[in-house]
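The values are calculated or read from the model by the stated rules, or taken from the named source; none is laboratory data. These figures come from a predicted structure and were not determined experimentally. With ideal geometry, Cβ positions are generated from the backbone for all residues, glycine too; neighbour counts draw on all protein chains shown.
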Amino acid sequence: MSSEVSAVSRSGTGSVLLGSGGGTDGRGIVAQVAVGHYRRVTTVVWRTSAREGGAVDADDVVVSDDGRRLRPVKSLLRALDVLDALGAADGPLTLNELVTHTGLSRTAAYNIAATYELRGLVRRDTQNRYGLGWGLLELGEQVRARSELGDAARPVVEDLAEVTGETVLLGVLDQDSVIYIEKAESRRSVRMVEAPGRRLPLHETATGLVLLAYASAPFRDRYLLGLDADGAQRADRLGEVTSTIRRSGHAVSVQDLDPDLTSASAPVSGPGDKVVAALTIAGPASRLTRDRIEEFVPRLIAAADEIASLLGS
């Protein structure tokens, strides 16, 4: 994947190179914290001496973005690891494979999977392999059905896709990822494969970069410092990218984050002018050239503003 992304303003184009990153922030240990099937960069305050690694134990206190001190339930985190493993797998898993993916004992993995099976969250096939259950789809649909953001944005997303002829996506910030909650397909034969419910790291998509740019400064700091290798260099470069996005009011990526993809994304504000989502036009780079995507930017911004108005911004 290329490591360049552009933030484009109406008066010109600015480009900043990205690298890769990781590190600590001086206030504590920056770790990857498992919360359900999410992974989150946050500050972990140990009750005892600092230990290596990012695993959260029962005695660990997690400081959330809004300052709350949370004490995760270790047994629940381990149980959720089973859903993580099943969600990440290409197909159903045997019990032995589930043990390998989660690190749980055979007995614990079986009991957790069986409990989920009783609640419809896991399915077991005729070969005694486990997969995600239909109950999760039901829960996911309830999330979408009760979303004021989705209700307000859906017709705007569909109209923008109709006008541009390209795929339009609406993404929100969830933990340290972007998750897409609405999508309107392009009418063209070559289409995007992203779908509602898809989750991606913030720094790998234009949608995610916009959400990162407008997130709180403490959240951005923790996210940038939590990246993998060459931390200082990548954090600095991503910091420049997000600053440029805030100045321009949107982001454009032409084969920067994906060699086959062009996209543009703009923030959507909610009550109190807080950014609650990012609206994105995306399509194959072979069709969606830089000139063409820049032509769509005013429509994109107008559509994002329309959703914000519907939300009471």
Exactly one condition in (1) modelled with pLDDT under 90; (2) in contact with an Asp or Glu (Cβ under 6 Å, 6 or more places away or on another chain) is not met by Asp260; state its number.
-> (2)
Looking for whichever is touching a Pro at 6+ places or on another chain (Cβ under 9 Å) and aromatic (Phe, Trp, Tyr) here; the options are Tyr180, Tyr110. Which one fits?
-> Tyr180
Residues within the stretch 109-164 that are surrounded by 14 or more Cβ atoms within 10 Å (Cβ to Cβ) and not polar (S, T, N, Q), tallied | 31
For the stretch 136-185, which residues satisfy the criterion of being among the basic types (Lys, Arg), in contact (Cβ under 8 Å) with a residue 12 or more places away in the chain and within 17 Å of Leu311 (Cα to Cα)?
-> Arg144, Arg154
Which of the residues belonging to the stretch 206-222 are in contact with an Asp or Glu (Cβ under 7 Å, 6 or more places away or on another chain) and either among the hydrophobic types (A, V, I, L, M, F, W, C) or closer than 16 Å to Arg237 by Cβ (or both)?
-> Phe219, Asp221
Only residues in the stretch 248-276 that are on the phi > 0 side of the Ramachandran plot count as the first member; pair them with residues that are surrounded by fewer than 23 Cβ atoms within 10 Å (Cβ to Cβ) and among the basic types (Lys, Arg), Cβ under 8 angstrom, at least 6 apart or cross-chain, and list the lot.
-> none
In this structure, is Ala282 buried (at least 19 other Cβ atoms within 10 Å of the Cβ), free of Cβ contacts under 8 Å to residues at least 60 places away in the same chain and under 24 Å from Arg187 (Cα atoms)?
-> no
Any residue in the stretch 210-217 that is surrounded by fewer than 24 Cβ atoms within 10 Å (Cβ to Cβ) and over 27 Å from Val143 (Cα atoms)?
-> yes
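Restricting to the stretch 266-288, count the residues that are polar (S, T, N, Q) and either under 16 Å from Asp174 (Cβ atoms) or touching a His at 6+ places or on another chain (Cβ under 6 Å) (or both). Break it down into steps so the answer makes sense when it comes.
From the stretch 266-288, those polar (S, T, N, Q) are 269, 280, 286; that's our starting set.
Okay, now just the ones that are also either under 16 Å from Asp174 (Cβ atoms) or touching a His at 6+ places or on another chain (Cβ under 6 Å) (or both), so 280.
Residues in the stretch 266-288 being polar (S, T, N, Q) and either under 16 Å from Asp174 (Cβ atoms) or touching a His at 6+ places or on another chain (Cβ under 6 Å) (or both): 1 in total.
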